[in-house]
Amino acid sequence: MVERRGKRGAAAQESILPEKNEAVKVAIRCRPLNDKETTQGHVKIVNINKARGEISVQKPQSGEAKQFTFDLVYGDDAEQGNIYVESSSPIVANVLEGYNGTIFAYGQTGTGKTHTMTGVIGDENLRGIMPRAFDDIFRSIESDSDQTQFLVRASYLEIYNEEVRDLLSKNPKNRLELHEKVDSGVYVKDLSYFAAKSSDEVRKIMYIGSKNRSVGETLMNAHSSRSHSLFTITVERSELGADNKQHIRVGKLNMVDLAGSERIAKTGATGDRLKEATKINLSLSTLCHVISSLTDPKATYIPYRDSKLTRLLQDSLGGNTKTVMIANVGPADYNFDETLNTLRYASRAKNIQNKPRINEDPKDALLREYQDEISKLREQLNALNSGSTPEDVMQNMGIMSGNTAKTEVVVD
């Protein structure tokens, strides 16, 4: 267990709002033309109006423009810090209050999703959303009330060829299974969780997992992500309520870097790359079907179970989560179809209604288990200090000498 203390305390309880529906927030980011596109004579067909939240894409042959409006839009001059503050920092703050939050990057391969989520490690200005979120979480914990206890845990997985893998495991290529609980939803059986005391420790966890992630070279991207990755930070907080009892809230922050959709002919995929691309496109196609079904009032079935990705994102799309989708697009004329498709699905995602609520006093909170264990140990210590023998203490605690029960904490 890692216990953090900080300074917001009981005042945080006053900020709890009644449960209500909330739309998925959608941001668009367009990268600059790259050197290869410029050398080959491709031209920019995407225009951004940040002040009005508008983006238009021009059809190369006819010049006809398609225009969309989103919560946030970013052009090729956007700074990493501004994107984080405007799109993601509010969700991070909500997670510290006990909400679930998801931030995920979506779009064609080679459009900068991993740069948006992870950024350049070691470069202060080019850090992505994930390391900035780590800093915000621990900065908030340090400024919270001295009476508030925190437990922070991190996990990191990937979905590669429809197999769920633990990127923090000693055997990261082992396949894990998805299970579901009535009260807490879908989870990954035997997934590793690591407690962390600081943002530096979480960054190390991210770095270790990133080295195990499946990447490969295609014609579209020299370092193409061949898997979907999901980095999760779970924040448990315990504070004294008006009833003089400890109350626990648990917030979970999912940060998802999706593999990119791709046309096989453009990426030159063969062999393993072809198999990877096929699985990637199938899971992303299912994601698009889920988005379409959630925004179609006539839909009677949501195909969450058709892929591992959509099962893991089930609560993030239509469930108990505050969600922001960052759709990344390319600016070049030869990617018109892909850019238009990304914008269309991102536009539909704006209409998805989630039902976020604060997760209060969940049964599986580890903080409560630790607090109970500490209370038992204190009782034993007090009994010993009052003159009782170790045998008396064991008997009073229900532990019989020579037949000691083993208590084990299992983290799903």
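Could you please give the count of residues in segment 114-130 that are within 17 Å of Thr102 (Cα to Cα) and part of a loop (DSSP other than H, G, I, E, B)? Steps first, answer last, please.
The first filter runs over segment 114-130 and keeps only residues within 17 Å of Thr102 (Cα to Cα), leaving 114, 116-118, 128-130.
Subset that is part of a loop (DSSP other than H, G, I, E, B): 118, 128.
Here the count works out to 2.
So if I check each of Ala133, Ala105, which one is under 16 Å from the mean Cα position of the chain (by Cα) and under 18 Å from Pro32 (Cα atoms)? Walk me through how you get there before you give the answer.
Working: Ala133 fails: under 18 Å from Pro32 (Cα atoms).
Just one listed residue meets the conditions, Ala105.
Hey, among the residues in segment 119-174 that are in contact with a Ser or Thr (Cβ under 9 Å, 6 or more places away or on another chain) and polar (S, T, N, Q), which one's farthest from Lys252 (Cα to Cα)?
Asn161
Output yes when any residue across segment 20-29 is modelled with pLDDT under 95 and hydrophobic (A, V, I, L, M, F, W, C), and no when none is. Full working, then the answer.
Restricting attention to segment 20-29, the residues satisfying the condition of being modelled with pLDDT under 95 are 20-21.
Next, from what is left, pick out any that are hydrophobic (A, V, I, L, M, F, W, C): none.
Within segment 20-29, not a single residue is modelled with pLDDT under 95 and hydrophobic (A, V, I, L, M, F, W, C).
Looking only at segment 59-85, how many residues end up being on the phi > 0 side of the Ramachandran plot and modelled with pLDDT of 95 or more? Spell out the reasoning first.
Initially, segment 59-85 is screened for residues on the phi > 0 side of the Ramachandran plot, giving 63.
Narrowing the set further to residues that are modelled with pLDDT of 95 or more leaves none.
Going through segment 59-85 one residue at a time, the tally reaches 0.
Which residues, counting only those in segment 41-95, are in contact with a Pro (Cβ under 6 Å, 6 or more places away or on another chain) and among the basic types (Lys, Arg)?
Within segment 41-95, the subset in contact with a Pro (Cβ under 6 Å, 6 or more places away or on another chain) is 44, 46, 76.
The one that is in contact with a Pro (Cβ under 6 Å, 6 or more places away or on another chain) and among the basic types (Lys, Arg): Lys44.
Determine, yes or no, whether Val85 is under 30 Å from Ile248 (Cβ atoms) and of a type in the set (Val, Ile, Thr).
Values: under 30 Å from Ile248 (Cβ atoms): yes; of a type in the set (Val, Ile, Thr): yes.
So Val85 fits the description; yes.
Could you say which residue among Thr38, Thr69 is within 25 Å of the chain's Cα centre (by Cα) and either closer than 20 Å to Thr342 by Cβ or in the same structural domain as Gly128 (by TED's automatic domain parsing) (or both)?
Numbers: Thr38 fails: within 25 Å of the chain's Cα centre (by Cα).
The conditions single out Thr69.
Search segment 291-328 for residues being of a type in the set (S, T, N, Q) and part of a loop (DSSP other than H, G, I, E, B), and hand back the single one that is surrounded by the most Cβ atoms within 10 Å (Cβ to Cβ). Even if it seems obvious, please write down each step before you answer.
Let us first name the residues in segment 291-328 that are of a type in the set (S, T, N, Q), namely 292-293, 295, 300, 307, 310, 314, 316, 320-321, 323, 328.
From what's left, part of a loop (DSSP other than H, G, I, E, B): 295, 300, 307, 314, 316, 320-321.
On the way: Thr295: 18, Thr300: 6, Ser307: 22, Gln314: 18, Ser316: 24, Asn320: 18, Thr321: 27.
Checked segment 291-328; the qualifying residue surrounded by the most Cβ atoms within 10 Å (Cβ to Cβ) is Thr321.
Any residue at all in segment 118-128 that is crowded, with 17+ Cβ neighbours inside 10 Å and out of contact with any Gly (no Cβ under 6 Å at 6 or more places or on another chain)? Steps first, answer last, please.
Applying the first criterion (crowded, with 17+ Cβ neighbours inside 10 Å) to segment 118-128 yields 118-119, 127-128.
Remaining after also requiring out of contact with any Gly (no Cβ under 6 Å at 6 or more places or on another chain): none.
No: segment 118-128 contains no residue that is crowded, with 17+ Cβ neighbours inside 10 Å and out of contact with any Gly (no Cβ under 6 Å at 6 or more places or on another chain).
So, of the residues in segment 131-148 that are closer than 22 Å to Val256 by Cα and of a type in the set (A, V, I, L, M, F, W, C), which turns out to be surrounded by the fewest Cβ atoms within 10 Å (Cβ to Cβ)?
Phe138
Go through Ser56, Ser88 for me and flag whichever is part of a strand (DSSP E or B) and either modelled with pLDDT under 95 or on the phi < 0 side of the Ramachandran plot (or both).
Sole residue among the options that is part of a strand (DSSP E or B) and either modelled with pLDDT under 95 or on the phi < 0 side of the Ramachandran plot (or both): Ser56.
The values are calculated or read from the model by the stated rules, or taken from the named source; none is laboratory data. Predicted model, so just to flag it, every value in this text is computed and none were measured. FYI the Cβ positions are ideal-geometry reconstructions off the backbone, even for glycines, and counts take in every protein chain you see.
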